Structures are given as C-alpha cells and as structure tokens.
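One structure below.
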Amino acid sequence: MNSGAVPQDPTAPWRVAGLVLAAGAGRRYGGPKALVRLDGRLLVERAVQLARDGGCAPVVAVLGAAAPIVRTRAELGDALTVENPDWSTGMGSSLRAGLAALGDTDAVAAVVLLVDMPGITAEAVRRLVALAAPDRLAMAGYGTRRGHPVLLGRAHWAGVSESAVGDVGARPYLRRNAARLRVVPCDDVADDADLDTPPATVS
C-alpha cells in the first residue's frame, strides 16, 4: 500500500493508528514494564486494548527487551508487534521503529501511548483521535503540564523520526512546532503518571 495513502471514500472516517511503546528494560523498575501484571493483566495488554477502545486501528506495539517473552505471554490479538533491535538507545528508536511500521498503512495519524502509564483512559485517547488529520499535532494536557497520549499527524512522521533520539521521543519536534501544537485537556478523565514503584511482580 502506498505510504501516503488515505481512505479513498471521502465519507469514511480517517484511520488513526495506535502506537504503543513497550520496548524498555525497566532497569530502575526491576524488569520490563511490558511484563508487569496489574489487576490481572500485563501492562502491554492494557495499553494495546486501551488504544483499540479509544478508536485506534491498526495498533502497533514496539517491543525490545524480552521481546520473545512478551510475544509468548501477552495476548495482543490482532495488534502488530515490531521488535526494535536498538531499544537500549532509548525511546526515540522505538518511536522511529513504530512510525516506520505504520508507513504502509492508510492511517492519517498515530496516537502514541507509553506502556507504563496505566492511568491513561480510552476517553483520553478518543479526545486525541477526534482531532486526527494528516497535518495535526496534539497532546494531552494535565493542568499546566503536557503529556501522553500524543497525536502525530502523518505529515509530521518524517520530521519526528529525524529528531527522535535517545529518550526524548517526539518532544524536540513538538517544541519546534509549538505554534501548531494543540493541547487537549485530559486531567478530568486520565492520569499520565508512570509506574516507578512495582505494584506487582514481573510474571
């Protein structure tokens, strides 16, 4: 499929992909957060389902540390799993790998989710999805702070990939394009705090 393709039916809704970044080793945490079980489900399973429930399709999960174990243990349904061999260099390489995997889809935008933020809700994802367009940039707002989920319109994928290095992800690109960035209040429906203290053992 042409990487620049969009749905041909002008009455059809534009497709928005879900991009779950789940490649880290969780060294400070004590193990890969993708494999952490919270309320009976692995965090990677929760994040993938969250993307689906929020209206994203297709959903891509980028794996890295312990990728074979994640593939064996996690029930991810029809989500596409992509292995990032450079996961140890930081989140930037996972974001690049995920956007590259979406290149042959007809998605006009991608909603980026981090695996270690179980407080994000489907409603927060839906608020970002509702704004999707090829040239759109948006991110969730929590009071005066900005965070995940993040919406990246397709027209920005190349620029984001060029600037995503180390652990900074899309932030340098978003800062350079601050005038175009829309902040969507989500603090009434979600919490983007990441898991720093193990709530359960890695299974």
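Quick notes on this structure:
- Selection within the range 13-50: residues that are more than 15 Å from Ala74 (Cα to Cα) and in contact with a helix residue (DSSP H, G or I) (Cβ under 9 Å, 6 or more places away or on another chain). The member of this set that is modelled with the lowest pLDDT is Gly26.
- Filter result for Asp53 (within 26 Å of Arg127 (Cα to Cα) and at pLDDT 95 or above): yes
- The criterion of at least 2 residues that are out of contact with any Lys or Arg (no Cβ under 7 Å at 6 or more places or on another chain), surrounded by fewer than 24 Cβ atoms within 10 Å (Cβ to Cβ) and of a type in the set (D, E, K, R) is met, among helices (runs of 4 or more DSSP H) falling completely within the range 89-191, by 122-129, 171-176.
- Filter pass, Leu99 being at pLDDT 95 or above and touching a helix residue (DSSP H, G or I) at 6+ places or on another chain (Cβ under 8 Å): yes
Residue by residue, here is whether (1) part of a helix (DSSP H, G or I); (2) surrounded by fewer than 24 Cβ atoms within 10 Å (Cβ to Cβ) holds:
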| site | (1), (2) |
| --- | --- |
| Gly31 | no, yes |
| Arg37 | no, yes |
| Val44 | yes, no |
| Gly55 | no, yes |
| Ile69 | yes, yes |
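- Condition broken by Ala193, with the remaining ones in (1) within 24 Å of Arg15 (Cα to Cα); (2) out of contact with any Ser or Thr (no Cβ under 7 Å at 6 or more places or on another chain) satisfied: (1)
- Residue tally, condition without any contact (Cβ under 8 Å) to a residue 24 or more places away in the chain and out of contact with any helix residue (DSSP H, G or I) (no Cβ under 7 Å at 6 or more places or on another chain), over the range 51-89: 5
The values are calculated or read from the model by the stated rules, or taken from the named source; none is laboratory data. Computed from a prediction, not measured in an experiment: that's the story for all the values here. For neighbour counting, all protein chains shown are included, and Cβ atoms are generated from backbone atoms with ideal geometry for every residue, glycine included.
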